[in-house]
Structure formats: C-alpha cells, structure tokens
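Novice: First, the structure itself, so that you have it in front of you.
The values are calculated or read from the model by the stated rules, or taken from the named source; none is laboratory data. Just so you know, these numbers come straight off a predicted model, no measurement behind them. FYI the Cβ positions are ideal-geometry reconstructions off the backbone, even for glycines, and counts take in every protein chain you see.
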Amino acid sequence: MRKRNPWIGALWFCAVVLVLGAFAAQVWQASFWYPSATDVSPGPVVRFLQQIADALVSPALYVGFGTIGGLLFLHARNRARRKS
Amino acid sequence: MADSATGGRFDPRFDPRFQPGYTPGPKESTPDAAAPPGSVPQHREAEAAPPDEVRGDASAVETAPEQRDTPLESDPPEPNPPEPDPPEPNPLERTLLVAGAVLVFGGIAIAFWANSVNYQYNSFGNGLSWQQLLLAAAWSLTAPMVTVGLAIGVGVMFRRAIAWKPPE
C-alpha cells in the first residue's frame, strides 16, 4: 500500500481552515453592518475581533484558494509522474 | 615452529611449508589437494604468520584481526553501525518561517495601529499631513503583508510536501 504524504494532508487542512474561516469571519462581520435601534455598541473584545477579521479575511481567502490551486497542481504532477 | 627447527633458513614472510627444503613434521598433515598452488588455507594463516619480532612490524598485531575472514571467538563483538544523523533543518527555511511570522503579525499590528489612529484623528479641514500619509501607507501595506506572510508559511509546507519521501 502506498504511503500517503502527511504534508499534503496538512496543506488541505490549512486551505480549508483558511477559506471557511475567512467566510465565517466575513459573515460574522456583516451582521454588524445594519444594527437595529435596540442594539448596543460592541464592546472592546468584539471590536478587537472585528479588527482582526478586517486584517485577515482577504489574505486568508487569497492564500486559501491559492493553496487549493497549488495542491491541485501538485496532485496533477504526482499523477503524471506515476503514469510515466 | 618450523623456523626454529630449521634455523631460520625460510623466508619469514611466507609459509615454510611452501618453501623449498621444508619437511613436514609427524603432527602436520599435507596441505589440501584441492587447494590451488600458492594459496594458503585459512585455518593455517595464523600458523603461517611469522612472529612480530622477525617481521619488525608492530602494527601488524592490530591489523591482523581485520584481515581475517572468519572472526575468532575471542574477538570483541563489532558494535552496531552508528545510525545516520537526521538531516539538519535548512537555515534558509527557518529564516523563511520567521519572515512569514513577522509579516503576518506585523501586518496585524499595523492594522491595529491604523485603526486606532483613524478613530482618533479627524482629517476634515486639516489638509494633507504626514500622519495621513502614514495612515494610507499602513492601510495599503496591511493586506499584502499578511497575504505574503501566510503564503510563505504555505510555501514552506509545499516544499516539505515535495521533498517528502516515504520511509523505507
């Protein structure tokens, strides 16, 4: 049985976490865009998390999708090597 | 030994049994008929070797066990061959990881700083100041810094994935 490359599994994990985490952070941030009249202003912890989400959402999406693309390239390369 | 019996007339470098003028003793048997001429049987090598005083080569005592094909029981057991050291991590790879971490955390820190300054600073009516320029630069730097830092970390993982070999 062929041994699986553990680094490829780790890369898939990172890519999925980056993409899904960025989507979740964006959705969470969007919930603050149209506050109702009864909503209280967010506290310091929420503001801190909002700033982190601001800084990380776009880079995480770029790198996550880039990682998936790179993994597909690596998969295609390994498959071509096995066939030749 | 035959040397002492013959008064040292044999060449000490070679087995006396194969030199002219040698007469075998009653205990000694003739060499194997199957052995090719000129070859010395292994079980006779120790006997055939002349004493060190005659050869004048003291180092031969230490090298003799290595030259034997079959080790004697008195020889100390050979120690296990040392296991090869694990390959040292590439120093440039470590530098890349440090640079990636610095870029990610530096980008986040710059974003925090820019946010805090932006909330405190009222730019209306003040014109263009150095603080505004710095703020604009920080805003433009944050996302690329974090992106490149994350990409460096993922790139190092890709490099390890490509260099990975299954254990034998």
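Novice: Scan region A:62-82 and give yes if some residue there is among the small types (Gly, Ala, Ser), in contact (Cβ under 8 Å) with a residue 24 or more places away in the chain, more than 10 Å from chain B (Cβ to nearest Cβ) and surrounded by 14 or more Cβ atoms within 10 Å (Cβ to Cβ), otherwise no. Walk me through how you get there before you give the answer.
Specialist: Step one: of region A:62-82, the residues among the small types (Gly, Ala, Ser) are A:64, A:66, A:69-70, A:76, A:80.
Add one more test, that the residue is in contact (Cβ under 8 Å) with a residue 24 or more places away in the chain, and what stays is A:64, A:70.
Checking the rest, the ones that are also more than 10 Å from chain B (Cβ to nearest Cβ) come to none.
Checked region A:62-82: no residue is among the small types (Gly, Ala, Ser), in contact (Cβ under 8 Å) with a residue 24 or more places away in the chain, more than 10 Å from chain B (Cβ to nearest Cβ) and surrounded by 14 or more Cβ atoms within 10 Å (Cβ to Cβ).
Novice: What single numbered condition from (1) loosely packed, with under 13 Cβ neighbours inside 10 Å; (2) away from chain B (no Cβ under 11 Å) fails to hold for A:Gly9?
Specialist: (2)
Novice: Out of curiosity, is B:Ala99 part of a helix (DSSP H, G or I), at pLDDT 95 or above and more than 14 Å from chain A (Cβ to nearest Cβ)?
Specialist: Values: part of a helix (DSSP H, G or I): yes; at pLDDT 95 or above: yes; more than 14 Å from chain A (Cβ to nearest Cβ): yes.
In short, yes.
Novice: Follow-up question, since we're still on this one. Hey, could you check region A:18-44 for residues that are within 14 Å of chain B (Cβ to nearest Cβ) and without any contact (Cβ under 8 Å) to a residue 12 or more places away in the chain and say which is surrounded by the most Cβ atoms within 10 Å (Cβ to Cβ)?
Specialist: Across region A:18-44, the extreme among qualifying residues is A:Pro42.
Novice: Surrounded by 13 or more Cβ atoms within 10 Å (Cβ to Cβ), at the interface with chain A (Cβ under 9 Å from one of its Cβ atoms), at pLDDT 80 or above and touching a helix residue (DSSP H, G or I) at 6+ places or on another chain (Cβ under 6 Å): does that describe B:Ile152? Give the derivation first.
Specialist: On the way: surrounded by 13 or more Cβ atoms within 10 Å (Cβ to Cβ): yes; at the interface with chain A (Cβ under 9 Å from one of its Cβ atoms): no; at pLDDT 80 or above: yes; touching a helix residue (DSSP H, G or I) at 6+ places or on another chain (Cβ under 6 Å): yes.
So B:Ile152 does not fit the description; no.
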